[in-house]
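The values are calculated or read from the model by the stated rules, or taken from the named source; none is laboratory data. These numbers come from a predicted model, not from an experiment.
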Amino acid sequence: MDSRRQLKIASVIQEAFTDILTREGRAIYGKAFVTLTKVWASSDLGLVRFYLSIYNAENPDAVLESFNEKKFELKRKLNEKLRNQLRIMPEIEFFRDETLDYAFHIEDVFKRIKEEDEQIKLAATAKPVKAKAKKISATKKKAPAKRKAK
């Protein structure tokens with residue numbers, strides 16, 4: 001469980017980093033759509049992890065790699081923004097946040113299950129109708145045969 005101080009530091013860093021991304025992010029990630037979904041600070045505040053959602057990119061791992069290549073520059077810019085709020089700038093790490101991808105995957109699975117369920121229901125209701133039609137036609141064939149009087 002994160003302490004109040006961790007949460008507050010993470011919030012302050014997230015605000016500053018989103019500002020950096022909106023101003024200078026295109027130089028880092030190009031045409032991709034990158035959002036900062038979560039910031040986590042360690043208990044000793046020596047490490048901060050940024051979780052990024054990366055969309056509209058051919059290779060999201062390459063975008064993440066470009067963040068790692070420019071880590072020193074991003075840390076310097078964060079330090080400039082937060083020098084009055086933090087004594088020591090923590091180390092930063094970047095991770096890809098796949099929670100939205102997973103949520104979309106689960107939604108697709110539920111859609112497929114619902115479609116299969118509807119197909120099963122349609123198939124179940126269609127079979128008895130055919131069976132009743134066969135029974136009716138079978139009884140009609142037997143009915144015309146009458147007994148001759150003796």
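Among the residues of region 90-107, those that are of a type outside the set (Phe, Trp, Tyr), closer than 14 Å to residue 50 by Cα and modelled with pLDDT of 90 or more comprise 90, 91, 92, 93, 96.
Could you grab me the full set of residues in region 16-72 that are in a helix (DSSP H, G or I) and of a type in the set (Phe, Trp, Tyr)? Of everything in region 16-72, those that are in a helix (DSSP H, G or I) and of a type in the set (Phe, Trp, Tyr) turn out to be 17, 29, 67, 72.
Out of 112, 96, 83, which single residue is closer than 16 Å to residue 14 by Cα and more than 14 Å from the chain's Cα centre (by Cα)? Answer to the check: 83.
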